[in-house]
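Have a look at the structure below, then the notes.
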Amino acid sequence: MKLTIRADGFEGWAERGRVRAERLARKELLEPEMTINFDSPMEMLECLTAERMRLFKAAQKRPHSVSELAVALKRDTKSVRRDVQRLERAGVLRTREAINPGHGRVKIVEPVAESFELRARF
């Protein structure tokens, strides 16, 4: 599945909905996709900082625990955990718990989609 992240507000969302409805009315096959829409490019930049994008790209390569991501990115674990939570609320990442033999449970971070595309107009 593809994830598209946009910053065109309600107007862009409404236009895409209208186009999808027309395609469905013509009985066209639609590819499964996810779209995250921000109201403005500035709102997108507040959420998708350079450090958070580095974190996202690392998680995209393979699922990692929060502590593995912190080591790989040479960042503090608390900061990575906070960024993971922010990206999870935005819908870009997801977490799941896994058994960590001999150590209890570990939170695994993974992207919500295999590929993504950013679109913003400034």
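At 30 Å minimum axial length over the Cα atoms and a Kyte-Doolittle cut of -0.5, report the qualifying DSSP H helices in the chain, or say none. Spell out each step's value before the answer.
On the way: long enough: none.
Helices meeting the span and hydropathy rule in the chain: none at all.
State the Kirkwood hydrodynamic radius of the chain in Å, one decimal place, computed from all pairs of distinct Cα atoms.
15.9 Å is the Kirkwood radius here.
Determine the percent antiparallel among the DSSP beta bridges restricted to region 2-119, to the nearest 5.
Details: 10 of 20 bridges.
So the antiparallel bridges in region 2-119 amount to around 50 percent.
Residue-wise, which Karplus ³J(HN,Hα) couplings in Hz belong to region 106-113, taking 6.51 cos²θ - 1.76 cosθ + 1.60, θ = phi - 60°, and x for glycine or proline?
9, 8, 9, 9, 8, x, 7, 9
Please give the FRET efficiency for ASN100 paired with ARG26, using the beta carbon to beta carbon distance and R0 = 30 Å, rounded to the nearest 0.05.
0.05
Taking amide H positions as placed 1.01 Å from N in the peptide plane, with prolines and chain starts having none, which residues 5 or more places from ILE36, or on another chain, fall under 5 Å of its amide H?
THR4, ILE5, ARG6
Relative contact order, percent, of the chain when contacts are C-alpha pairs under 8 Å separated by at least 6 residues? Write out the running numbers ahead of the final one.
On the way: 162 pairs, mean separation 44.0, N = 122.
36 percent.
Just so you know, all these numbers are worked out from the coordinates, no wet-lab data involved. Everything numeric in this text was worked out from a predicted model, so none of it was measured. Heads up, the Cβs are rebuilt from the backbone with ideal geometry, glycines too, and the neighbour counts pull from every protein chain shown.
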